[in-house]
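Q: Okay, handing you the structure first.
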Amino acid sequence: MTLHGQTFVVTGAASGIGAATAALLRDAGAEVIGVDRNTAADFRGVFVQADLSSAEGVAAVAEQIPERIDGLLNIAGVPGTAPWRLVLSVNVFGVRDLTRALLPKLVPGGVVVNLASNVANGWAERRDQVIAFTSTADREAALDLVGADPEITGNSYRFSKECVRWLSLEAASSALGKARVVSVSPGPVQTPILEDFKVDHGRDKVEGAVALLGRAGQPADIAHAIGFLVSPEAAWIHGTDVCVDGGLSAHRAAADSLSVTA
Ligand SMILES: NC(=O)c1ccc[n+]([C@@H]2O[C@H](COP(=O)([O-])OP(=O)(O)OC[C@H]3O[C@@H](n4cnc5c(N)ncnc54)[C@H](O)[C@@H]3O)[C@@H](O)[C@H]2O)c1
């Protein structure tokens, strides 16, 4: 794979999957503009330190991005151990608003990759809430829509990634013939956020899943999938979610089906 002459914006580039993806793209010859609230020591490329949780932070990033980019990789994210408003602000509004701000800078045939999660596989069950939330431009008004629903505020990470699945589908449909949009849904990956998932989703559940799979995913497992998705070889992959979870979702779906037929 060669990405010489191409420029990618990678959010969450200071850690985990974002850092691994930035390194992989650079190794393939691309220019990388990393974005993160934290600094990244020895980052090879342009680095924009910014907080994507606010509209102002997103606008400040967009201003610093050149007029022509080949791809936007929305990888920054916070876990459900953070306050629910922050989770939805970074994971949903950050993705939605940065994508809208940078789409005009995307070259024809450019690509957007959004990090979702396999915890969002049931996103269509909350389709109406997801669409109402993501289509409300005013952030406070959107947060007010869901603030009284403990099913959402108590599972803010899952809801945030359900919104990312929908935003990806919606953007893919709007961008048909102009740019590609895909989401990537990892299972448990060994990064700093995994400890928070153990608190949020239950230690036994997360550690049980890792034991079942034989190992946790590594940032490189996800970065390689993203690297392929942004490459010219993936030109016909558009508007879909790519599950990269070691088979966890397949196992759960099969187990659910067997329990129904048993
Ligand atoms: N690790 C997993 O098990 C897993 C599983 C499914 C999905 N994901 C998703 O993958 C993405 C990457 O996560 P990771 O595993 O690399 O975690 P990570 O914690 O290593 O990296 C997340 C990065 O996002 C940055 N970030 C958070 N809030 C920000 C803000 N307001 N502004 C700018 N940057 C901000 C953090 O500083 C950090 O560098 C996230 O969206 C996460 O939800 C991770």
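The values are calculated or read from the model by the stated rules, or taken from the named source; none is laboratory data. As the structure is a prediction and not an experimental result, all values here were calculated from the model. FYI the Cβ positions are ideal-geometry reconstructions off the backbone, even for glycines, and counts take in every protein chain you see. Side chains included, ligands, DNA and RNA excluded: accessible areas come from the protein's heavy atoms. Shrake-Rupley method; radii C 1.70, N 1.55, O 1.52, S 1.80 Å.
Q: Residues of the stretch 173-190 with the amide nitrogen closer than 17 Å to a label point 7 Å from the Cα of Ala220, along Cα-to-Cβ, please.
A: Within reach of a label on Ala220, which here means backbone N under 17 Å from a point 7 Å along Cα→Cβ, the stretch 173-190 contributes 189-190.
Q: Shifting gears a bit: Taking the Cα centre of the stretch 7-261 as origin, work out the dipole magnitude from +1 charges on Lys and Arg Cβ and -1 charges on Asp and Glu Cβ, in debye rounded to 20.
A: 320 debye
Q: Give the Rg (one decimal place) followed by the Dmax (whole number) of the stretch 1-153, computed from C-alpha coordinates and expressed in Å.
A: Computed over the Cα atoms of the stretch 1-153, radius of gyration and Dmax are 15.9, 49 Å.
Q: Follow-up. Keeping all protein chains in position, work out how much accessible area Leu98 exposes to a 1.4 Å probe, and write it in Å² to the nearest 10.
A: Accessible area, nearest 10 Å²: 0 Å².
Q: Then there's this: Whole-Hz ³J(HN,Hα) for each residue in the stretch 115-124, computed from phi via Karplus 6.51 cos²θ - 1.76 cosθ + 1.60 with θ = phi - 60°, x for glycine and proline: what do you get?
A: Rounded to whole hertz, the list is 7, 9, 5, 6, 6, 9, 4, x, 4, 5.
Q: How much of the accessible area of the chain, probe 1.4 Å, is carbon plus sulfur, in whole percent?
A: 55 percent
Q: Continuing with this model, one more query. Whose amide H sits under 5 Å from the amide H of Gln6, counting only residues 5 or more places off or on another chain, with H placed in the peptide plane?
A: Residues meeting the amide H criterion: Glu31.
Q: So for the chain: antiparallel DSSP bridges make up what percent, rounded to the nearest 5?
A: 0 percent
Q: May I ask you to give the average projected area over all directions of the convex hull of the Cα atoms of the stretch 7-261, in nm² rounded to one decimal?
A: One quarter of the hull surface, i.e. the mean projection, equals 13.6 nm².
Q: In the chain, with Lys and Arg counted as +1 and Asp and Glu as -1 at Cβ, which of these residues, Val182, Ser89, Gly202, has the Cα nearest the positive end of the dipole, that is, farthest along it?
A: Val182
Q: Still on this model: How large is the accessible surface per residue of the chain, computed with a 1.4 Å probe and reported in Å² as a whole number?
A: 45 Å²
Q: Just to be sure I follow the definition: excluding the sites themselves, where is the longest run in the chain that has none of the trypsin sites (Lys or Arg not before Pro) in a DSSP loop with at most 13 other Cβ atoms within 10 Å?
A: It runs 69-177.
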